[in-house]
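Read through the structure below, which is laid out as structure tokens, and then see the notes.
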Amino acid sequence: MKRGLVLEGGAMRGLFTAGITDVMMEHEVWPDGIVGVSAGAAFGCNYKSRQPGRAIRYNMRFARDPRYSGLRSLLTSGDYFNAEFAYHVVPREYDRFDDAAFEQNPMEFVAVCTNVETGEAVYKRLVKSDSLTYDWIRASASMPLASRVVELEGYKLLDGGVADSIPLEYFERQGYERNVVILTQPLGYQKEPNRLMPLMRVVLRKYPLMLKAMDNRHLMYNRQLAYVAEAERQGRCLVIRPDGPIPIGHISHDADEMKRVYELGRSMGERNIEKIKQYLCE
């Protein structure tokens, strides 16, 4: 039986997920595969490289560094999170990503992106740890309005959460029969229509199918929540979610705020680690 880990995105709410996954690594819980969306991919890749603590460490270190993120980066490069510094310089020079561990670990790792020309999800299995892989992870986490379209291997890509926010159904189709799903919104949450759609229609006017996907994202997301709830009822997945709304915005430069969110995740992980171990490892 293949056992998987499904990581929703949520921008800086992903530090909640990082807290949980760090606890899982510390307790030697190793699923057969991970599928990550947006921040779920950007932070979840540290699971395959076996580097607990890395996500919160570099986010706090560079929280206020203009080379890493900010309006200056957005205005000068088109990306709020600087593509070169955040996704290439940091993992190569400042907080090294363990490329060898990533490649040697047999755990499958899939990053979800959205093809802006079709509005459909692209599921990229990442095996080799190199600049191309870093860019696939960047594409998965490239939020519309805050990022340029990322062109890779014939695709034009943005945030995977537009097309498939909670890819449990996808992972089940890949043969993962038992999955832990980590969500970044509390029980009862329902996504509302995007209030920025008028601006999206101007910025992404060349991509009508992407705009359609974005217009319908709340419907897709809420259907996926219903799918996850039914899977949980049937015992096909174990869901871990915050007790209430996570107190951080999509973009934060407050290292203390980041730490609080991460510690919320760690606390949730510690509360549930025996349940997770029993579910994935029995």
Please verify whether Tyr94 is open to solvent by 50 Å² or more (accessible area, probe 1.4 Å) and more than 26 Å from Arg173 (Cα to Cα), treating the condition exactly as stated. yes
Selection from region 233-255 of residues closer than 21 Å to Glu282 by Cβ and open to solvent by less than 70 Å² (accessible area, probe 1.4 Å) yields Gly235, Arg236, Cys237, Leu238, Val239, Ile240
Can you name the condition, by its number, that Ile273 falls short on among (1) in contact with a His (Cβ under 9 Å, 6 or more places away or on another chain); (2) open to solvent by 30 Å² or more (accessible area, probe 1.4 Å); (3) part of a helix (DSSP H, G or I)? (2)
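Can you pull out the residues in region 233-255 that are farther than 18 Å from Ile20 by Cα and either in a loop (DSSP other than H, G, I, E, B) or not aliphatic (A, V, I, L, M) (or both)?
Here is the first cut: in region 233-255, the ones farther than 18 Å from Ile20 by Cα are 233-236, 249-255.
Arg233, Gln234, Gly235, Arg236, Gly249, His250, Ile251, Ser252, His253, Asp254, listed by residue number.
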Every residue in region 52-81 that is open to solvent by 30 Å² or more (accessible area, probe 1.4 Å), within 22 Å of Asp130 (Cα to Cα) and not in a helix (DSSP H, G or I), please. Pro52, Arg67, Phe81
Filter region 29-46 down to the residues that are open to solvent by less than 20 Å² (accessible area, probe 1.4 Å) and either without any contact (Cβ under 8 Å) to a residue 40 or more places away in the chain or within 12 Å of the chain's Cα centre (by Cα) (or both) and list them by number. Ile34, Val35, Gly36, Val37, Ser38, Ala39, Gly40, Ala41, Ala42, Gly44, Cys45, Asn46
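Residues that are surrounded by fewer than 15 Cβ atoms within 10 Å (Cβ to Cβ), assigned to a helix (DSSP H, G or I) and in contact with a helix residue (DSSP H, G or I) (Cβ under 9 Å, 6 or more places away or on another chain): does region 124-135 have at least one? It would help to see each step written out before you state the result.
The first filter runs over region 124-135 and keeps only residues surrounded by fewer than 15 Cβ atoms within 10 Å (Cβ to Cβ), leaving 125, 127-128, 130-132.
If we keep only those that are assigned to a helix (DSSP H, G or I) as well, we get 131-132.
Now drop any that are not in contact with a helix residue (DSSP H, G or I) (Cβ under 9 Å, 6 or more places away or on another chain), which leaves 131.
Yes; the residues of region 124-135 include at least one that is surrounded by fewer than 15 Cβ atoms within 10 Å (Cβ to Cβ), assigned to a helix (DSSP H, G or I) and in contact with a helix residue (DSSP H, G or I) (Cβ under 9 Å, 6 or more places away or on another chain).
Here are Glu84, Glu93: which of them is within 18 Å of Val150 (Cβ to Cβ) and either assigned to a helix (DSSP H, G or I) or out of contact with any helix residue (DSSP H, G or I) (no Cβ under 7 Å at 6 or more places or on another chain) (or both)?
On the way: Glu93 fails: within 18 Å of Val150 (Cβ to Cβ).
Sole residue among the options that is within 18 Å of Val150 (Cβ to Cβ) and either assigned to a helix (DSSP H, G or I) or out of contact with any helix residue (DSSP H, G or I) (no Cβ under 7 Å at 6 or more places or on another chain) (or both): Glu84.
For region 104-112, indicate whether the set of residues that are within 30 Å of Ala213 (Cα to Cα), at pLDDT 95 or above, of a type in the set (Val, Ile, Thr) and in a loop (DSSP other than H, G, I, E, B) is non-empty. Write out each step before concluding.
Going residue by residue through region 104-112, those that are within 30 Å of Ala213 (Cα to Cα) are 108-112.
Now drop any that are not at pLDDT 95 or above, which leaves 108-112.
Now drop any that are not of a type in the set (Val, Ile, Thr), which leaves 110, 112.
The next check asks that each one be in a loop (DSSP other than H, G, I, E, B); those that pass are none.
Within region 104-112, not a single residue is within 30 Å of Ala213 (Cα to Cα), at pLDDT 95 or above, of a type in the set (Val, Ile, Thr) and in a loop (DSSP other than H, G, I, E, B).
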Scan region 201-222 for residues that are of a type in the set (D, E, K, R) and loosely packed, with under 13 Cβ neighbours inside 10 Å and report the count. 3
Restrict the check to region 167-183 and report whether at least one residue is out of contact with any Asp or Glu (no Cβ under 7 Å at 6 or more places or on another chain), of a type in the set (Gly, Ala, Ser), touching a residue at least 60 places away in the same chain (Cβ under 8 Å) and surrounded by 15 or more Cβ atoms within 10 Å (Cβ to Cβ). no
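The values are calculated or read from the model by the stated rules, or taken from the named source; none is laboratory data. Computed from a prediction, not measured in an experiment: that's the story for all the values here. Cβ: placed from backbone, ideal geometry, glycine included. Neighbour counts: every protein chain shown. Ligands, DNA and RNA are stripped out before the accessible areas are found, and what is left, the full protein with its side chains, is counted by its heavy atoms. Shrake-Rupley method; radii C 1.70, N 1.55, O 1.52, S 1.80 Å.
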